[in-house]
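Asker: My structure is below; once you've seen it, I'll send some questions.
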Amino acid sequence: MHPFINIFSLQIPSYGIMTALAYGAGLYYCYKQQARLGLEKDKIFDLIFWIIVGAIIGGKIFFIWFNYDSFASSGLVEKVRYGFVFYGGFLGGISAGLIWAKKYKLPVLPALDFFAVPLALGHAIGRIGCFLAGCCYGKISHTFLAVKYTNPDSLVPPHLHGVSLYPVQIMESISVLVLFFILFHYYKKPHKNGVIFAGYLLGYGLIRFTLEFFRFDDRGAGLFGFSPSQIIAIILIVISIFLFKRKTK
């Protein structure tokens, strides 16, 4: 794959490029749909700014937490610079958004519904960056879906270079993209507050829980044979069921 992309003789991390595209797509969606939230453009971009700040901080904190033992060696700054955990970014962004919403007395559930849709879109794009960089790689595969990493700069360990692996990053990207279209379809229709966000939690929880079985990178210590990400996915599914029952009964 291509961990770096050469632009005018500069090596730019492909993960960073795809992350920027993901944020850009999310911003464009919010700009085009901002009337649905009932906020002025300056306020919605202020909200988006703080959500992004919260997402970056949360993603870095979770990355350090999940990889703390490996920092005992060297290269801490370099690892933190490029490392990111989606769940941390998700929780950090949600936390920052809730604080902002409380400050400006914005109804929480409609805001969560609004941002659930571009979140899925940005996530689908961002995972392509993981695929290009070689992080979040899959288990050994003997199916026609398999891919091989040969680039020495890839984040796939050297002993797995040239080995057929599940393209789990692309599998997640496609799955979340489908989730985006589903959420977008139902968001445009009359709906009760909270159900779109609940749909995102349920959909992504199921996707992540399933795809974790195909991951081969270090998943961290979990419980009952499940990875930490699967445990979080179960929590998201439970929350989604609570939201569905609370708002649709």
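Asker: Checking residue 112 against (1) crowded, with 20+ Cβ neighbours inside 10 Å; (2) under 15 Å from the mean Cα position of the chain (by Cα), which test does it fail?
Answerer: For residue 112, the exception is condition (2).
Asker: So for the stretch 50-68 (the condition being over 15 Å from the mean Cα position of the chain (by Cα), modelled with pLDDT of 80 or more and assigned to a helix (DSSP H, G or I)), does at least one residue qualify? Even if it seems obvious, please write down each step before you answer.
Answerer: Here is the first cut: in the stretch 50-68, the residues over 15 Å from the mean Cα position of the chain (by Cα) are 50, 64-68.
Filter once more, keeping what is modelled with pLDDT of 80 or more: 50.
If we keep only those that are assigned to a helix (DSSP H, G or I) as well, we get 50.
The answer is yes; a qualifying residue exists.
Asker: Now a separate question. Working carefully through the options 119, 106, 112, find the one that is in contact (Cβ under 8 Å) with a residue 12 or more places away in the chain, of a type outside the set (Asp, Glu) and assigned to a loop (DSSP other than H, G, I, E, B). Full working, then the answer.
Answerer: On the way: 119 fails: assigned to a loop (DSSP other than H, G, I, E, B); 112 fails: assigned to a loop (DSSP other than H, G, I, E, B).
Exactly one of 119, 106, 112 is in contact (Cβ under 8 Å) with a residue 12 or more places away in the chain, of a type outside the set (Asp, Glu) and assigned to a loop (DSSP other than H, G, I, E, B), namely 106.
Asker: Residue 39 is checked against (1) in contact with a Gly (Cβ under 9 Å, 6 or more places away or on another chain); (2) part of a loop (DSSP other than H, G, I, E, B) and fails just one. What number does that condition carry?
Answerer: So residue 39 meets the others, but not (1).
Asker: Does the stretch 187-233 hold any residues that are surrounded by 14 or more Cβ atoms within 10 Å (Cβ to Cβ) and among the aliphatic types (A, V, I, L, M), and which are they?
Answerer: Correct list: 195, 196, 198, 201, 202, 206, 207, 211, 231, 232, 233.
Asker: Separate question: Could you tell me how many of the residues in the stretch 131-154 are in contact with a helix residue (DSSP H, G or I) (Cβ under 6 Å, 6 or more places away or on another chain), modelled with pLDDT of 90 or more and within 18 Å of residue 212 (Cβ to Cβ)?
Answerer: Going through the stretch 131-154 one residue at a time, the tally reaches 3.
Asker: Restricting the stretch 1-44 to residues that are aromatic (Phe, Trp, Tyr) and within 23 Å of residue 180 (Cα to Cα), which is surrounded by the most Cβ atoms within 10 Å (Cβ to Cβ)?
Answerer: At the first step, the residues of the stretch 1-44 found to be aromatic (Phe, Trp, Tyr) are 4, 8, 15, 23, 28-29, 31.
Filter once more, keeping what is within 23 Å of residue 180 (Cα to Cα): 15, 23, 28-29, 31.
Values: 15: 22, 23: 17, 28: 12, 29: 19, 31: 13.
Selected residue: 15.
Asker: Can you find a residue that is more than 20 Å from the chain's Cα centre (by Cα) and among the aromatic types (Phe, Trp, Tyr) anywhere in the stretch 178-186?
Answerer: To start, the set of residues in the stretch 178-186 that are more than 20 Å from the chain's Cα centre (by Cα) comprises 185-186.
From the residues that got through so far, the ones that are among the aromatic types (Phe, Trp, Tyr) too are 186.
Yes, the stretch 178-186 contains at least one residue that is more than 20 Å from the chain's Cα centre (by Cα) and among the aromatic types (Phe, Trp, Tyr).
Asker: Can you find a residue that is modelled with pLDDT of 95 or more and within 20 Å of the chain's Cα centre (by Cα) anywhere in the stretch 155-164?
Answerer: No, every residue in the stretch 155-164 fails to be modelled with pLDDT of 95 or more and within 20 Å of the chain's Cα centre (by Cα).
Asker: Cβ contacts < 8 Å: first residue assigned to a loop (DSSP other than H, G, I, E, B), restricted to the stretch 132-149; second residue among the small types (Gly, Ala, Ser), any location; separation 6+ or different chain. Result?
Answerer: 134/154; 141/164; 142/164; 146/164; 148/162; 148/164; 149/134; 149/162
Asker: Kindly check whether there is at least one residue in the stretch 182-191 that is outside any helix (DSSP H, G or I), within 23 Å of residue 129 (Cβ to Cβ) and aliphatic (A, V, I, L, M).
Answerer: Here is the first cut: in the stretch 182-191, the ones outside any helix (DSSP H, G or I) are 188-191.
Next cut, within 23 Å of residue 129 (Cβ to Cβ) only: none.
No, the stretch 182-191 contains no residue that is outside any helix (DSSP H, G or I), within 23 Å of residue 129 (Cβ to Cβ) and aliphatic (A, V, I, L, M).
Asker: Might you check whether a residue that is under 18 Å from residue 236 (Cα atoms), at pLDDT below 90 and either in contact with a helix residue (DSSP H, G or I) (Cβ under 8 Å, 6 or more places away or on another chain) or in a helix (DSSP H, G or I) (or both) occurs anywhere in the stretch 70-84? Spell out the reasoning first.
Answerer: Of the residues in the stretch 70-84, the ones under 18 Å from residue 236 (Cα atoms) are none.
For the stretch 70-84, residues under 18 Å from residue 236 (Cα atoms), at pLDDT below 90 and either in contact with a helix residue (DSSP H, G or I) (Cβ under 8 Å, 6 or more places away or on another chain) or in a helix (DSSP H, G or I) (or both): absent.
Asker: Please work out which one of (1) in contact (Cβ under 8 Å) with a residue 60 or more places away in the chain; (2) surrounded by 17 or more Cβ atoms within 10 Å (Cβ to Cβ) is the condition residue 153 fails and give its number.
Answerer: The failed condition is (2).
The values are calculated or read from the model by the stated rules, or taken from the named source; none is laboratory data. These numbers were taken from a predicted model, which means no experiment stands behind them. Every residue, glycine among them, receives a Cβ derived from its backbone with ideal geometry; neighbour counts consider all protein chains shown.
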